[in-house]
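Bear in mind that the values in this text are calculations on the coordinates, not laboratory data. Fair warning: this is a prediction, and the values are worked out from it, not measured in the lab. Don't worry about glycine lacking a Cβ; one is built from the backbone with ideal geometry, like all the others, and counts go over all protein chains shown.
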């Protein structure tokens, strides 16, 4: 059985919607995003232990702290490339950013072959668990805040929340790059 639960974010962010079962978080989206309605349709609204863990993680994050743990999650439909991209995103520390091209280069180095920034962008955009898998920390090579499934306003707010200055849609100072 799939369940959903809503998380009330601090002012300046859209609320979040969680999806999962009794064992794992399977989705975390900003309310009203393109994935929110599609993936929670038919879910029973009920808080589960994994949602309580996720809420605790989000409380720590929005209080300005690195939570220090990761709620149990499961991602369906992972290709090896998407898994590699998620692995690289999980390496980006709180308050840092990397470019799509940086991730492509890291994957090329580890796996061999070629990886494009555009392919990385597709995999980043596919990520079903926002914030915890920090897709918001992936930016354009020039510092631009290219697209975000949860809305560009939320991406700007998340980046700023982590201490990175954003001016005119560009990351300009703070946190630095990983």
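Counting only C-alpha contacts under 8 Å and six or more residues apart, can you give the relative contact order of the range 3-62 as a whole percent?
Value for the range 3-62: 35 percent.
Taking 7 Å steps out from each Cα toward its Cβ at residue 152 and residue 116 produces label points 2.3 nm apart.
Would you mind ranking 161, 65 so that the residue whose beta carbon has the fewest other beta carbons within 10 Å leads the list? Let's see the in-between values first.
Values: 161 17, 65 10.
Result, fewest neighbours first: 65, 161.
Report, to the nearest 10°, how far helix 152-161 tilts away from the longest principal axis of the Cα atoms in the chain, using its own Cα long axis and a range of 0 to 90°. Value to nearest ten degrees: 80. For the range 3-62, the square roots of the Cα gyration tensor eigenvalues, ordered a ≥ b ≥ c, give a/c of at least 1.5 with a/b no greater than b/c, which places it in the oblate category. Any idea what angle helix 117-126 forms with the longest principal axis of the chain, computed on alpha-carbon atoms, 0 to 90 degrees, nearest 10? Around 10 degrees separate the two axes. Let a ≥ b ≥ c be the square roots of the eigenvalues of the Cα gyration tensor of the chain; is it rounded (a/c under 1.5), or, if not, prolate (a/b larger than b/c) or oblate? It comes out oblate by the Cα gyration axes. Suppose R0 equals 25 Å; then what is the FRET efficiency for residue 46 and residue 81 from their Cβ-Cβ distance, rounded to the nearest 0.05? Rounded to the nearest 0.05, the efficiency is 0.15.
Could you give the angle, 0 to 90 degrees to the nearest 10, between helix 49-62's Cα long axis and the longest principal axis of the Cα atoms of the chain? Relative to the chain, helix 49-62 is tipped by roughly 50 degrees. How high is the relative contact order of the chain, in percent, with contacts defined as C-alpha pairs under 8 Å that are six or more residues apart? Reported relative contact order: 21 percent.
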